[in-house]
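Note sheet for the following structure.
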There are 2 protein chains.
Amino acid sequence: MAEKYTVGIDFGTLSGRAVVVRVSDGLELASSEYLYPHAVMEKSLPDGTVLGPEYALQHPLDYLGVFQHAVPDALRSSGVSAADVVGIGIDFTACTVLPTQGDGTPLCLLPEYAGRPHAWVKLWKHHAAQGQADRINALAHSRREPWIARYGGKISSEWAFPKALEVLEQDPEIFHRASKWIEAADWAVWQLCGVETRNPCTAGYKEMYQDGKYPSSEYLKALNPEFDQILEKLGHTLSPLGSRAGGLTPEAAGWTGLLEGTAVAVGNVDAHVTAPAANATAAGQMVLIMGTSTCHIMSGESLEEVPGMCGVVDGGITPGLYGYEAGQSGVGDLFGWMVNHATPPEYHARAQEQGVSVHQILTEDASRQAIGEHGLMALDWLGGNRSVLVNAELSGVFVGLTLATRAPDLYRALLESTAFGTRTILEAFEASGVPVNELIVAGGLMKNPLLMQIYADVTGRELSLVASHQGGALGSAIFAAVAADQYPDITEAARAMGKNHKAVYKPILENQKAYDRLYAEYKRLHDYFGRGANEVMKRLKAMRAEVLLERGAVSD
Amino acid sequence: MAEKYTVGIDFGTLSGRAVVVRVSDGLELASSEYLYPHAVMEKSLPDGTVLGPEYALQHPLDYLGVFQHAVPDALRSSGVSAADVVGIGIDFTACTVLPTQGDGTPLCLLPEYAGRPHAWVKLWKHHAAQGQADRINALAHSRREPWIARYGGKISSEWAFPKALEVLEQDPEIFHRASKWIEAADWAVWQLCGVETRNPCTAGYKEMYQDGKYPSSEYLKALNPEFDQILEKLGHTLSPLGSRAGGLTPEAAGWTGLLEGTAVAVGNVDAHVTAPAANATAAGQMVLIMGTSTCHIMSGESLEEVPGMCGVVDGGITPGLYGYEAGQSGVGDLFGWMVNHATPPEYHARAQEQGVSVHQILTEDASRQAIGEHGLMALDWLGGNRSVLVNAELSGVFVGLTLATRAPDLYRALLESTAFGTRTILEAFEASGVPVNELIVAGGLMKNPLLMQIYADVTGRELSLVASHQGGALGSAIFAAVAADQYPDITEAARAMGKNHKAVYKPILENQKAYDRLYAEYKRLHDYFGRGANEVMKRLKAMRAEVLLERGAVSD
């Protein structure tokens, strides 16, 4: 029997990447990346309209460019015939969301709305709806809305409802004109197959869809008398992950070079599709996607309320299991901050001489240290704390500085602090009755052996590593294979097509003991600064905000 | 009547500086610096003998070189005739101390002892006697020795008794051979006038001389059965500050170019002579000598126990008043650490382009910020805490770090943290019944206007600045004028010869209010980390010490 193939597409923040994958074993034959021409619009729209602070918008036609360029390019490189490609699947950043007409036409593409910021795609990192998010959270707690506990007690300004409320309140005409308020993942699938579907992953994690429903009309009206209209704009029927949304339209077949009618899988989220790519879809297999931030993805058998998780969604990762997500808002970002903003010239000079990165120089120096040698303890909250404290007002700490402290000391303390943060998350899951049986690491940071060994030692667990360097796109290709009926379910498909290298890093007993001592210090500072004993971080941020506001007012 | 002149000499860590001063008004006519040829011996003796860790020794003949070179050079430059020079006075680093024969010959100059480290001058920053200091403190507390409270409850390993006990226990032959255990200040005066004197400043601050006596024989024997012999080696008659030790010997007249018989003042300590140089000898006039560290010097009317001061000594600064000293172990050192070890290349490049120091670049950027804008709080303990916590095991902290934190933010937070440290000291004095009426700043850091304004705003007080840039040498010249009977007392001499610019910096009410908010945060963190609620700093340092010890053991 001839080999079959699927195409997986990972829509990232700045580009989309397509990969052609063999269905029988997940072999990645070829890939191609397409950079979005408009990238992220933070300052102005294409027509020159100036954007406010904290804006991050995108152009929907850039996404179609991925279909038009990256897919045919990858197909060509793979040497695979379109006739042997049985399915296509995508994953997307989330919550990346847009208003459309009833037929799916983005409002920003209507000439009359080209200059209206709220008509455009709001990228996941659009942060201008914090005020709306604050009200959504406050009201949910005061009304004791049952869904709020599923999100660790707090929803993010990045999600769909704050962004939609922002549109209603900033540009009501756009809100009312929008027949649909749709995730970019679902919109892109719609463009491929001509059928509107809604996926349970974004609905659950980003749109507060729980127990078969969105937040109630009463609750939404209490936020704003017209806000219950959002319910009409959202899709109420969700299609299981891995199901077939439809077949490629003639137009999409033309873009991609694939055959009309090729199965299109329901959309999904970038982090979540990494689980099958790592063959880690069973309950208790936690996938850590470690990059600028870390996303912790794991299915569980039962529905539990884990304090400080990002969300738990029925079938959110694998149909039939509860999908849990937790996160650390700053991980690689912290190491990048250290390199760019707190490392003196001598290390940069050494890196340049040796033709390596400053990260590598600092890692080498830090590797030579014994545990505890730097005498430091850091709190990894430079980007706030997502799990388990769910508090963006927290900030980073260094304790133990002396005149002998050097950049590799600070760097290593930051590496360790993120490992302590992960251990805190693992302990929260286990304490809540959600066992974590295995850790599988994906993402760019898995290439740092010092960091990996620290994680193994701090958590006292073996670390497996995902085998693919394009976990997202491979994961989407696996969902495509299920949508194309090549496998009965995700777990079977993942078993054949996903892969991880088992126990690449193992904890070293002596190191574990040393880190247990340091973790006790982390925990104590974590609780002191994070659980209300001293809200100095909140007060410092408030003072900073006051000052900046005043300065803005003065300069106006 | 012809003008008269005195010569003041400031013996620093690496050099001695002589200045020729007009007695009538303190005008500094000329100065000259002499670098010690042996500088600080930290690795080996002149004969190649290798020194242990934490050693810092000096060569006594280097001090005579200052008399032989800097004094005649300054005299020549001043155009003053030796006949018009009526006195010479010196101040010295302390506790810098040496063992000598009965005639004052340093043991290190005897050929048989040239290779014996303990025969040499122990510089103030010789830190190899920490073990002895720990025992001295522990025993003083367990025996409830009354003098320990006069030193904030803790004496330093830098002082005379720990260093002498180290000699007794490491090289008893040297200890027993030494007829004298003498401060370098007093030894240098002896070389000038041939008369051994002991000054009450070093005796009080560095040799625990209180209420007319040193620690008791019983106490000293309990430390080591032979250690009471130190009492014979110390001078038991103290000569008041500003009194005449003797007249220049023919030999010293030959070195200096001054006339035989010229009045030589009793020795003194560098920080303490700055008070008359600043015309700040009255009770309540606090002089802050701000350099790598800060020394706070002030006289008071009554004897009070101020928690965490370095010492209180009857007549320790001005005869007839109680001289108080407090200190911050790291101030300029912290800013230097920031520049050298935590500032990225772009600031170094800007400094180079503009031909200014990195300090200046960071200060410029930090100056543009409003108070609270950086969102940070630091604890200024990178060099431990001297006053008021008296704990070398404390370490530095940054709270409030974000991905937006930049080097000028950290720099400004460090500047502010040292100001908060000074405010803590002022509050301790006032709470103990020792009023602080005026702040006068001396030392290199007075040249940073941002730092000065921060100190004014944080303390809510006007800052006066010492008028001389050579406060130490000028102060010694003032004591010389008193010793030469040109003035009836130090206060009169200081009034004529010392000078400060009044209220150069004034607190700005709005800034004071903003800093009151931040100081409350500092205080809270200060007490949390510094008063036992969380001894994480001590534990981190202990773990670091364990690791380094183990590593040393392994590499041996």
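The values are calculated or read from the model by the stated rules, or taken from the named source; none is laboratory data. It should be emphasised that the depicted structure is a prediction, and the values quoted were computed from it without experimental measurement. Ideal geometry is used to build each Cβ from the backbone, glycine not excepted, and the neighbour counts take in all protein chains shown. The area values use the complete protein model at the heavy-atom level, side chains included, leaving out ligands, DNA and RNA. Shrake-Rupley method; radii C 1.70, N 1.55, O 1.52, S 1.80 Å.
By definition, a body whose alpha carbon gyration tensor gives a ≥ b ≥ c is oblate when a/c is 1.5 or more and a/b is not larger than b/c, and the stretch A:445-556 fits this oblate description.
Among the protein heavy atoms of chain A, carbon and sulfur supply 50% of the accessible surface, probe 1.4 Å, non-protein parts ignored. Legend: residues B:Thr249, A:Thr237, sorted from most to least accessible area (1.4 Å probe; ligands, DNA and RNA excluded), read A:Thr237, B:Thr249. Once you have a ≥ b ≥ c as the square roots of the Cα gyration tensor eigenvalues for the stretch B:392-458, tell me rounded if a/c is under 1.5, and otherwise prolate or oblate according to whether a/b is larger than b/c. Judged from the Cα gyration tensor, the stretch B:392-458 comes out oblate (a/c at least 1.5, b/c at or above a/b). Principal axis extents of the C-alpha atoms in the protein assembly as shown (largest first, rounded to whole Å): 113, 62, 51.
For the pair A and B, the buried accessible area comes to roughly 5000 Å² in total, with a 1.4 Å probe and the value rounded to the nearest 100.
Which whole-number percent of Cα pairs in the stretch A:1-148 have a distance greater than 26 Å? Within the stretch A:1-148, distances greater than 26 Å cover 43 percent of Cα pairs. Normalised by 2.2 N^0.38 Å, where N is the number of residues, the C-alpha radius of gyration of chain A stands at 0.96. Entry note: the stretch A:187-305 has Rg to Rh equal to 1.04, where both radii use alpha-carbon atoms and Rh is the Kirkwood radius. As a size descriptor, the averaged projected area of the C-alpha convex hull of the stretch B:332-417 was calculated at 5.9 nm². Contact order for the stretch B:1-137, expressed relative to its length and based on alpha carbon pairs under 8 Å spaced 6+ residues apart, stands at 27 percent.
Here the translational diffusion coefficient of the stretch A:82-161 follows from Stokes-Einstein with Rh set to the Kirkwood radius across Cα pairs; for 25 °C and 0.890 mPa s it amounts to 160 µm²/s. Scoring A:45-57, A:161-173 by mean Cβ neighbours within 10 Å over their residues and listing the highest first yields A:161-173, A:45-57.
Per residue, the average separation of C-alpha pairs within less than 8 Å and at least 6 apart gives the stretch B:264-378 a relative contact order of 18 percent. Each copy carries a label point for A:Ser44 at 7 Å from Cα toward Cβ; from one copy, the others' points are 6.8 nm away, ordered from shortest.
For B:Ile508, B:Ile490, what's the largest-to-smallest order of accessible area, 1.4 Å probe? Before the final figure, lay out each step's value.
Working: B:Ile508 80, B:Ile490 5 Å².
Output order, biggest surface exposure first: B:Ile508, B:Ile490.
Count Lys and Arg as plus one, Asp and Glu as minus one, and take only other residues whose Cβ is under 13 Å from that of A:Gly332; the net charge is then -1. When nucleic acids and ligands are ignored and a 1.4 Å probe is applied, B:Arg177 ends up with an accessible area of around 90 Å².
At the residue level, B:Thr292 shows approximately 90 square angstrom of accessible surface with a 1.4 angstrom probe and all protein chains present.
Take each residue in B:374-380, count the other chain C-beta atoms within 10 Å of its C-beta, and the mean is 4.
Stokes-Einstein, applied to the Kirkwood radius of the stretch B:1-78 over Cα pairs at a viscosity of 0.890 mPa s and 25 °C, places its translational diffusion at 176 µm² s⁻¹. Using a probe of 1.4 angstrom and keeping all protein chains present, the accessible surface of the stretch A:239-304 works out to 27 square angstrom per residue. Bridging of B:Lys499 to lysines at a Cα separation below 30 Å is possible for B:Lys4, B:Lys206, B:Lys447, once same-chain residues fewer than 8 apart are set aside. Largest to smallest in accessible area, the residues A:Glu42, B:Glu301 fall in the order B:Glu301, A:Glu42 (1.4 Å probe, all protein chains included). Ranked from shortest, the separations from the 7 Å Cα-to-Cβ label point of B:Leu109 to its equivalents in the other copies are 9.6 nm. Descending by average beta-carbon neighbour count within 10 Å, the peptides B:225-232, B:393-400, A:545-552, B:521-528 line up as B:393-400, B:521-528, B:225-232, A:545-552, the highest first. Within 15 Å, Cβ to Cβ, of B:Leu525, how many net charges do the neighbouring residues add up to if Lys/Arg are +1 and Asp/Glu are -1? With Lys, Arg at +1 and Asp, Glu at -1, the net is +2. Rounded if a/c is under 1.5, else prolate if a/b beats b/c, else oblate: with a ≥ b ≥ c from the C-alpha gyration tensor eigenvalues square-rooted, which is the stretch B:120-215? Verdict is oblate for the stretch B:120-215. Each principal axis of the Cα cloud of the stretch B:360-499 was taken in turn, and the coordinate range along them, longest first, works out to 64, 34, 26 Å.
The Cα center of the stretch B:142-199 and the Cα center of the stretch B:464-538 differ in position by 28 Å.
Inter-chain Cβ neighbour count for A:530-537, averaged per residue, equals 3 (cutoff 10 Å, partner chain atoms only). The other copies place their B:Gly254 label points at 11.0 nm from this one, listed shortest first, where each point is 7 Å from Cα along Cα→Cβ.
Other protein chain C-beta atoms within 10 Å of residue C-beta, averaged over A:401-413: 5.
With contacts taken as Cα pairs under 8 Å at a separation of at least 6 residues, chain A carries a relative contact order of 16 percent. Counting only aspartates and glutamates at least 8 places from B:Lys125 when in the same chain, those with an alpha carbon closer than 15 Å to its own are B:Glu42, B:Glu54, B:Glu158, B:Glu166, B:Glu183, B:Asp270, B:Asp333.
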